[in-house]
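The values are calculated or read from the model by the stated rules, or taken from the named source; none is laboratory data. Fair warning: this is a prediction, and the values are worked out from it, not measured in the lab. Backbone-built Cβ (ideal geometry, glycine too); neighbour counts: all protein chains shown.
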Amino acid sequence: MARVSRVQEGDLLWTPSQEVIQASNLERYRAWLNTERGIALMDYAAMWHWSVEYLEDFWESLFAFFDLRYSQPWTVPLVERKMPGARWFPGMRLNYAENILAQAAADRPALIYSSERGDLGEVSWVDLTAAVGRAAQALRRAGVQPGDRVAAYVPNIPEAVIAMLASASIGAIWSSCSPDFGARGVLDRFQQIAPRVLIAVTGYQYNGRVFDRREVVAELLNELPSVQRSLLLPFDGIEMDAPRAEVWSDALAQSAPEPPVFEQVPFNHPLWILYSSGTTGLPKAIVHGHGGMLLEHAKAAAFHNDLKPGDRFFWYTSTGWMMWNYLIGSLLSGASAILYNGSPTYPTFDTLFALAERAGMTYFGTSAAFVSACMKAEIHPHLKYDLSRIRGVGSTGSPLSVDGFTWLYDNINRDLALESLSGGTDVCTAFVGGVRSQPIYAGELQGRSLGAAVRAFDDDGHELIDAVGELVITEPMPSMPVMFWNDPDMARYRASYFDVYPGIWRHGDWIRINARGGGVIYGRSDSTINRQGIRMGTAELYRVIESFPEVSDSLIIDLEMLGRESRLLLFIVLKEGKAFNDSLRRQIIQRLRRDISPRHAPDEIVPVPEVPYTLSGKKMEVPIRKILLGFDVETAVKASAMRNPESLDFFIAYARRIDK
C-alpha cells in the first residue's frame, strides 16, 4: 500500500489564492449578477441559496451570461414548481449541437484523442463542424427525422462525438453503448427505443487485446427490426457485410461540404437516452432534453469545473456512462475535450498520466476506484511526468476516501483543486461538487451545485445538518429526465424518485451536509448498514478494509433476516500471493472496531475470487444482498448489466449454504 499522510476527514488540504478566486468563473458570474441584475451576493453560500430560492431567475440568467443561442424566446422560465412534471421555458426553440459548435475557435482544437496504441491526434473546430454537417446529411439520407432514434455501439472516439452532434443537429435522439457490452445488454437497451439507424464498430482494443464484434453487430441488426440503415466503422482491418449497411467514411464522403443545418426544437425535445445500471429488470431508459442539458452542462463546466477557453478537459469514460455525455458538454465552455479509448492501466498504471503530459491536460477526471488502484500499485506519477499544467482533478463513480484525496495531492501536484463530485445518470451531471472559490477539505465535496436544492432528510422528511440522511432534491432542475421511454403514465418515473417523499426527488444516496456547506457521500442508501439503530454507509468501512496491504477489493453486506439479528458479512479479494488466516481476520475486525465502531465489525469474513461490478464500475451491494437473502437470481440481478457476471457464481453457491 502506498504511503499516505496521516490526514483526517475535514482536514484542510487546499485554499484558493486570491488570484484563483478572482479568475474563477464563479466570481465572474457573481460580479455579473451585481452589475447586470442588481443582485449583490457576498459569497458562494449566498449564491447557492439565491439560486435555489429564486430558481426561475437563476436558470433564466444563464442564457444571457453564457450568450447561449436560441431562435425563439420563452414565455416564462418555469410554469410551476412541481416534481415530476415541471415545464421549463415553454415556447422557446433551440438546439444543443448548435450551441456546442458555436464555441468554434481557430486557436485551439475541439477534440484531442488517444488510445492504447499510443496515438495522439486532434480534431479542429473547423473539421468537427464539417464532419457533423456531412454526418447529418448521411443520417437524413437514411430517413432520420426529428424524434427518430440513432443508436451507436462505439467506443470513445471522435466519430462517436461527431455522430452524436449530427443526431442532435437534426432533432434525432441519440443513445449509445460501449462495445464491451454483450449483445443481450445492448438489446435490453436498444430494443426499448426502436432505433432507425445503428452506428457500430466491427471491433475494438482493450487491455492490449483486439475484440472482433462482428457477431454481436450481426445479432443486433437481426434483433432490431426498426433499423433501416447501419453505418459501420471497420476496426483494424475487420470488415463486415450486412444488409442495408454502409461504411461510415463512405457515407460521409457522399455528403456535400456544407455546414450543419440545426433543427430548432422545443426546450424539452429529447436529446439523448441514457440508461440506469439495470441491475434488476430492464434498464430504465432515461430521456434528457436539449434545453435542460444545455443549461446544466454550460453551468457545470464553467461554475463547478471552472473550465475556460484554452483548458484541456479529460474524463476517463466510455460511451455507456453519463460522463461521456458530460465530457461532450464541456465543449460549451470553449475547452478542448480529451478522449481516451482503452484500458486506463494498459500497458501500465502510468498510461493516463503519460497522456496528461503529452496532451497538455489541465483537468484530469477519474474515479475513486482508479485512484485506489493507483495507491495499491504504489505508483508516483509526479516523479515521472510533468503534471504541472493540471489545475483541477475530478473524481466520481463512488465516494473518494480521505487517503484518495491525500494521494492525489501527493502524486499529481499540490496546487490543484480536487473536486470530488456526486450526481448521476438520472440528471447527467453532478449536483454536489466543485466550488473553485472555496477551500478543499479531506473527504468532503466542496458544496451543493448552483440551482440544485440538495438536502439531507431523515425518514420523516425533516432536514438534517451534520448528520447522515437521504440525499434529496427539493426543487426541480431542468436536467431532470423529461420522461422515461415507454412510460406514458410516468408510473416508473414516479416510483424511481418520488415514492418515499411525495413531490421530493429521493436520489438513493446517503449524504451528510456540514455547517460550512460541504458534503460527504456515504454510498447508496439502500445498501446502508443499520446495526442496533446506528446507520453507517459502506464507503466508510471500505476505506478501512481496503487500507490493508493484503486486500485488493471488498464487498460488505448486511443481512437482516426475519426472526433473527442481522448478520454482517465481509467478502474480501486478496492480493496475489497473499493468504487469508486468523491473524488477518483479527486485524480487520480490530481495525473496524477501532476506526468505525464495535457495532460494525463483521460477523464473518469470506475470501472471494472477485467483487461483482456494474458496467459503470459500481459495487453491486444491493443485488448481492438480495441473492444472499434468497431472492431469485433472475429477479435480483441482470447479468448483462455487469462487468464481470462470472463473479455471481460464488455468491449463488454461498447463498445456498446460508439457506441450509
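Conditions: (1) within 30 Å of the chain's Cα centre (by Cα); (2) part of a strand (DSSP E or B); (3) modelled with pLDDT of 95 or more. LEU568 meets all but one. Number of the miss?
Among (1) within 30 Å of the chain's Cα centre (by Cα); (2) part of a strand (DSSP E or B); (3) modelled with pLDDT of 95 or more, LEU568 violates only (3).
If ALA653 satisfies every condition in (1) surrounded by 18 or more Cβ atoms within 10 Å (Cβ to Cβ); (2) over 30 Å from the mean Cα position of the chain (by Cα) but one, which is the exception?
Among (1) surrounded by 18 or more Cβ atoms within 10 Å (Cβ to Cβ); (2) over 30 Å from the mean Cα position of the chain (by Cα), the lone unmet condition for ALA653 is (1).
Condition first: of a type in the set (Val, Ile, Thr) and modelled with pLDDT of 75 or more. Now tell me which residues in region 496-539 satisfy that.
Correct list: VAL500, ILE504, ILE511, ILE513, VAL520, ILE521, THR538.
Out of the residues in region 91-102 meeting the condition of being in contact with a strand residue (DSSP E or B) (Cβ under 8 Å, 6 or more places away or on another chain) and in a loop (DSSP other than H, G, I, E, B), tell me which one is surrounded by the most Cβ atoms within 10 Å (Cβ to Cβ).
ASN95
Just to verify a result, which residue in region 241-273, among those that are in contact with a Gly (Cβ under 6 Å, 6 or more places away or on another chain) and at pLDDT below 95, is nearest to MET480 (Cα to Cα)?
PRO259
Does SER422 count as at pLDDT 95 or above and small (Gly, Ala, Ser)?
Details: at pLDDT 95 or above: no; small (Gly, Ala, Ser): yes.
Taking the combined requirement at face value, the residue does not satisfy it.
Return the residue satisfying two criteria in turn: it lies in region 626-641 and is in contact with a Leu (Cβ under 7 Å, 6 or more places away or on another chain) and buried (at least 20 other Cβ atoms within 10 Å of the Cβ), and of such residues it is modelled with the lowest pLDDT.
By that ranking, first place goes to ALA641.
Kindly indicate whether GLY617 is part of a loop (DSSP other than H, G, I, E, B), more than 18 Å from THR538 (Cα to Cα) and not hydroxyl-bearing (Ser, Thr, Tyr).
For GLY617, the condition - part of a loop (DSSP other than H, G, I, E, B), more than 18 Å from THR538 (Cα to Cα) and not hydroxyl-bearing (Ser, Thr, Tyr) - is not met.
Does region 114-133 contain any residue that is in contact (Cβ under 8 Å) with a residue 24 or more places away in the chain and farther than 30 Å from GLU357 by Cα?
The answer is yes, given that some residue of region 114-133 is in contact (Cβ under 8 Å) with a residue 24 or more places away in the chain and farther than 30 Å from GLU357 by Cα.
Considering only residues that are assigned to a helix (DSSP H, G or I) and of a type in the set (S, T, N, Q), look in region 15-39 and name the one that is surrounded by the fewest Cβ atoms within 10 Å (Cβ to Cβ).
The residue in question is GLN18.
Just to be sure before I move on: is ASP57 assigned to a loop (DSSP other than H, G, I, E, B) and without any contact (Cβ under 8 Å) to a residue 40 or more places away in the chain in the structure I sent?
Against the criterion (assigned to a loop (DSSP other than H, G, I, E, B) and without any contact (Cβ under 8 Å) to a residue 40 or more places away in the chain), ASP57 does not qualify.
Would you mention how many residues in region 216-229 are in a helix (DSSP H, G or I), over 14 Å from SER178 (Cα atoms) and not acidic (Asp, Glu)?
Within region 216-229, residues that are in a helix (DSSP H, G or I), over 14 Å from SER178 (Cα atoms) and not acidic (Asp, Glu) number 3.
Could you look through region 428-478, keep only residues that are more than 20 Å from the chain's Cα centre (by Cα), among the hydroxyl-bearing types (Ser, Thr, Tyr) and not in a strand (DSSP E or B), and pick out the one that is nearest to ASP57 (Cα to Cα)?
Ranking the candidates gives THR474 first.
Suppose we filter region 182-215 for residues that are aromatic (Phe, Trp, Tyr), in a strand (DSSP E or B) and crowded, with 23+ Cβ neighbours inside 10 Å; how many remain?
Counting residues in region 182-215 that are aromatic (Phe, Trp, Tyr), in a strand (DSSP E or B) and crowded, with 23+ Cβ neighbours inside 10 Å gives 1.
Among the listed residues GLY360, GLY423, which satisfies the condition of being within 25 Å of GLY329 (Cα to Cα), assigned by TED's automatic domain parsing to the domain that holds PRO16 and surrounded by fewer than 23 Cβ atoms within 10 Å (Cβ to Cβ)? Show your work before the answer.
On the way: GLY423 fails: surrounded by fewer than 23 Cβ atoms within 10 Å (Cβ to Cβ).
Exactly one of GLY360, GLY423 is within 25 Å of GLY329 (Cα to Cα), assigned by TED's automatic domain parsing to the domain that holds PRO16 and surrounded by fewer than 23 Cβ atoms within 10 Å (Cβ to Cβ), namely GLY360.
Take region 119-163 and flag every residue that is of a type in the set (Lys, Arg) and closer than 13 Å to TRP174 by Cβ. Break it down stepwise before answering.
From region 119-163, those of a type in the set (Lys, Arg) are 134, 140-141, 149; that's our starting set.
Matches in region 119-163: ARG149 only.
Checking the conditions here, which among SER372, SER336, SER367, SER330 is touching a His at 6+ places or on another chain (Cβ under 8 Å), crowded, with 17+ Cβ neighbours inside 10 Å and in the same structural domain as THR317 (by TED's automatic domain parsing)?
The conditions single out SER330.
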